[in-house]
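Novice: Handing you this structure, nothing more for now.
The values are calculated or read from the model by the stated rules, or taken from the named source; none is laboratory data. Just so we're clear, the structure is a prediction, and the values are computed from it rather than from any experiment. Cβ placement follows ideal geometry from the backbone for every residue including glycine, while neighbour counts extend to all protein chains displayed. Note: accessible area is taken over every heavy atom of the protein model, side chains too, but ligands, DNA and RNA are not part of it. Shrake-Rupley method; radii C 1.70, N 1.55, O 1.52, S 1.80 Å.
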Amino acid sequence: MILHYPCPNCGAEMTYDIKKGKLHCSHCSGEMALSQAVQQNTFQTAGGGTSTEIDGEILAGAEYHCPNCGGLMITKDKETSTMCAYCGAPMILADRLTGKRRPVKLLSFQMDRQDAEKAFRKWCRNGRFAPKGFTSAENIQRLKGMYIPYWLFQFDTRVDISAQATNVRVFRQGDYQVTETEFYDIQRAYKLQYKDIPLDASRQLEDGEMAKLEPFNFSELKTFDMPYLAGFDSSSYDFDDAELSPAAKDKVQKYARDYAQGAVSGYSTVHLNGHTVDFEREEEAFIFVPIWFVDYNYHGKVYKFMMNGQNGRIAGIPPTSRGKMAIWWAGISAALFIVTLIGSII
């Protein structure tokens, strides 16, 4: 089942306008509030799909017919919204957004296409070693907005800390200086809650690259509604919450260790013997986060970048200029030579 939003004025397909927070028609400039669009879901749908799901896994190669032009679309595995390859109409694959695979919330885009282009050009210009032709940022080949699947975890924990500490007091007694040392065995327990632990649930994206786009501002999470996807690609998760829970707990273990190291204070010295973390409660939520994907053509080679759709943070590796690198290293070498020379004179 395909969900779409024809303009009530002219019938053209509407897309979500990031700045206005409404559905917008590019043909007649008509607008529709999201609440109105949600109410009209019952008659804004179109059939023609053959999506199949077995044990929670969507089979690849499912077929859908575009509600606008009738074109046959062979969708990708886990794809939940896309654009028609023939007419460009937005297509929300509503039958893939049900049950556990329907996001609870999402972070909507804060940066529209124009904002993303501007942020990318600024980032290119600031590239220290990028060649001059690249820093002009005039060859953006593709700029695509996509919602990426994430799991958010929340844990209630009990953290037990074991430490040895000392208090040292130095004072004079007659003709003597006395050092008095008191030793303490410390056992402490804390109730700690860890919220919004994010983990990328997509197999196609490198976790290290996604981590470079963080942090996301999860205080801006919104209740998920289908109209947010109109005009954007999106994909369901490859890894479910049970698969990612151990990695989330590993993160909490590191956070708890950092907390434990600073939790015992008021002593001259503290030696942390160890800590344990008991996970008393766990909650998880499937969400979407906004990413702009940028393809940039430089001298016939396409460089790919990702941009946080909230704040413009960018991940990707630009080309490097050998000339700029040589000049930089020459400057560093000259500075080191001068420091060495001054040191030998002194």
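Novice: Whether any residue in the stretch 128-145 is over 19 Å from residue 315 (Cα atoms), in a loop (DSSP other than H, G, I, E, B), at pLDDT below 90 and out of contact with any strand residue (DSSP E or B) (no Cβ under 8 Å at 6 or more places or on another chain) is what I want to check.
Specialist: Taking the stretch 128-145 first, the residues over 19 Å from residue 315 (Cα atoms) are 132-133.
Still in the running and in a loop (DSSP other than H, G, I, E, B): none.
No, the stretch 128-145 has no match at all.
Novice: Considering 227, 198, which residue is in contact (Cβ under 8 Å) with a residue 12 or more places away in the chain and assigned to a strand (DSSP E or B)? First the steps, then the outcome.
Specialist: Values: 227 fails: assigned to a strand (DSSP E or B).
Only one candidate passes the filter, namely 198.
Novice: Moving on. So the check is Cβ under 7 Å with 6+ separation or different chains; which pairs have a first residue in the stretch 284-312 that's farther than 24 Å from residue 110 by Cβ and a second one that's assigned to a strand (DSSP E or B) and open to solvent by 30 Å² or more (accessible area, probe 1.4 Å)?
Specialist: From residues that are farther than 24 Å from residue 110 by Cβ, the pairs are 297/141; 302/141.
Novice: Quick one: in the stretch 207-226, of everything that is aliphatic (A, V, I, L, M) and open to solvent by less than 50 Å² (accessible area, probe 1.4 Å), which residue is nearest to residue 113 (Cα to Cα)? Explain how you work it out, then say what you get.
Specialist: Taking the stretch 207-226 and keeping what is aliphatic (A, V, I, L, M), we get 210-211, 213, 221, 226.
Next, only the ones that are open to solvent by less than 50 Å² (accessible area, probe 1.4 Å) stay: 210, 213, 221, 226.
On the way: 210: 20, 213: 18, 221: 21, 226: 20 Å.
If we take residues in the stretch 207-226 being aliphatic (A, V, I, L, M) and open to solvent by less than 50 Å² (accessible area, probe 1.4 Å), then 213 is nearest to residue 113 (Cα to Cα).
So that you can scan it fast, the table gives a plain yes or no per residue for (1) closer than 30 Å to residue 162 by Cα; (2) at pLDDT 55 or above:
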{"site": "279", "(1), (2)": "yes, yes"}
{"site": "283", "(1), (2)": "yes, yes"}
{"site": "286", "(1), (2)": "no, yes"}
{"site": "300", "(1), (2)": "no, yes"}
{"site": "306", "(1), (2)": "no, yes"}
{"site": "316", "(1), (2)": "no, yes"}
{"site": "329", "(1), (2)": "no, no"}
{"site": "339", "(1), (2)": "no, no"}
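Novice: Which of the numbered conditions does residue 236 fail, given that it passes all the others? Conditions: (1) under 27 Å from residue 158 (Cα atoms); (2) of a type outside the set (D, E, K, R); (3) in contact with a helix residue (DSSP H, G or I) (Cβ under 6 Å, 6 or more places away or on another chain).
Specialist: Among (1) under 27 Å from residue 158 (Cα atoms); (2) of a type outside the set (D, E, K, R); (3) in contact with a helix residue (DSSP H, G or I) (Cβ under 6 Å, 6 or more places away or on another chain), the lone unmet condition for residue 236 is (1).
Novice: Go through (1) surrounded by 18 or more Cβ atoms within 10 Å (Cβ to Cβ); (2) assigned to a loop (DSSP other than H, G, I, E, B); (3) over 25 Å from the mean Cα position of the chain (by Cα) for residue 310 and report which single condition fails.
Specialist: Failed condition: (3).
Novice: Could you check, for the stretch 194-214, whether at least one of its residues is modelled with pLDDT of 95 or more and either aromatic (Phe, Trp, Tyr) or touching a Gly at 6+ places or on another chain (Cβ under 6 Å) (or both)?
Specialist: Yes, the stretch 194-214 contains at least one residue that is modelled with pLDDT of 95 or more and either aromatic (Phe, Trp, Tyr) or touching a Gly at 6+ places or on another chain (Cβ under 6 Å) (or both).
Residue-by-condition table, conditions (1) within 22 Å of the chain's Cα centre (by Cα); (2) open to solvent by 80 Å² or more (accessible area, probe 1.4 Å); (3) closer than 24 Å to residue 37 by Cα:
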residue	(1), (2), (3)
75	no, no, no
81	yes, no, yes
84	no, no, yes
89	no, no, yes
101	yes, no, yes
112	yes, no, yes
115	yes, no, no
126	no, yes, no
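Novice: Let me ask something additional. From the list 52, 80, pick out the single residue that is at pLDDT 90 or above and out of contact with any Cys (no Cβ under 6 Å at 6 or more places or on another chain). Show your work before the answer.
Specialist: Details: 52 fails: at pLDDT 90 or above.
80 is the lone residue from the list that is at pLDDT 90 or above and out of contact with any Cys (no Cβ under 6 Å at 6 or more places or on another chain).
Novice: Go through the residues of the stretch 227-236 one by one and say whether even a single one is surrounded by 17 or more Cβ atoms within 10 Å (Cβ to Cβ) and farther than 30 Å from residue 118 by Cβ. Quick ask: steps written out before the conclusion?
Specialist: First, the residues of the stretch 227-236 that are surrounded by 17 or more Cβ atoms within 10 Å (Cβ to Cβ): 227-236.
From what's left, farther than 30 Å from residue 118 by Cβ: 236.
Yes, the stretch 227-236 contains a residue that is surrounded by 17 or more Cβ atoms within 10 Å (Cβ to Cβ) and farther than 30 Å from residue 118 by Cβ.
Novice: The conditions are (1) farther than 21 Å from residue 108 by Cα; (2) open to solvent by less than 50 Å² (accessible area, probe 1.4 Å), and residue 187 fails exactly one of them. Which is it?
Specialist: Result: residue 187 passes all but (2).
Novice: Out of curiosity, is residue 204 touching an Asp or Glu at 6+ places or on another chain (Cβ under 6 Å), open to solvent by 30 Å² or more (accessible area, probe 1.4 Å) and either of a type in the set (Val, Ile, Thr) or in contact (Cβ under 8 Å) with a residue 12 or more places away in the chain (or both)? Give the derivation first.
Specialist: On the way: touching an Asp or Glu at 6+ places or on another chain (Cβ under 6 Å): no; open to solvent by 30 Å² or more (accessible area, probe 1.4 Å): yes; either of a type in the set (Val, Ile, Thr) or in contact (Cβ under 8 Å) with a residue 12 or more places away in the chain (or both): yes.
For residue 204, the condition - touching an Asp or Glu at 6+ places or on another chain (Cβ under 6 Å), open to solvent by 30 Å² or more (accessible area, probe 1.4 Å) and either of a type in the set (Val, Ile, Thr) or in contact (Cβ under 8 Å) with a residue 12 or more places away in the chain (or both) - is not met.
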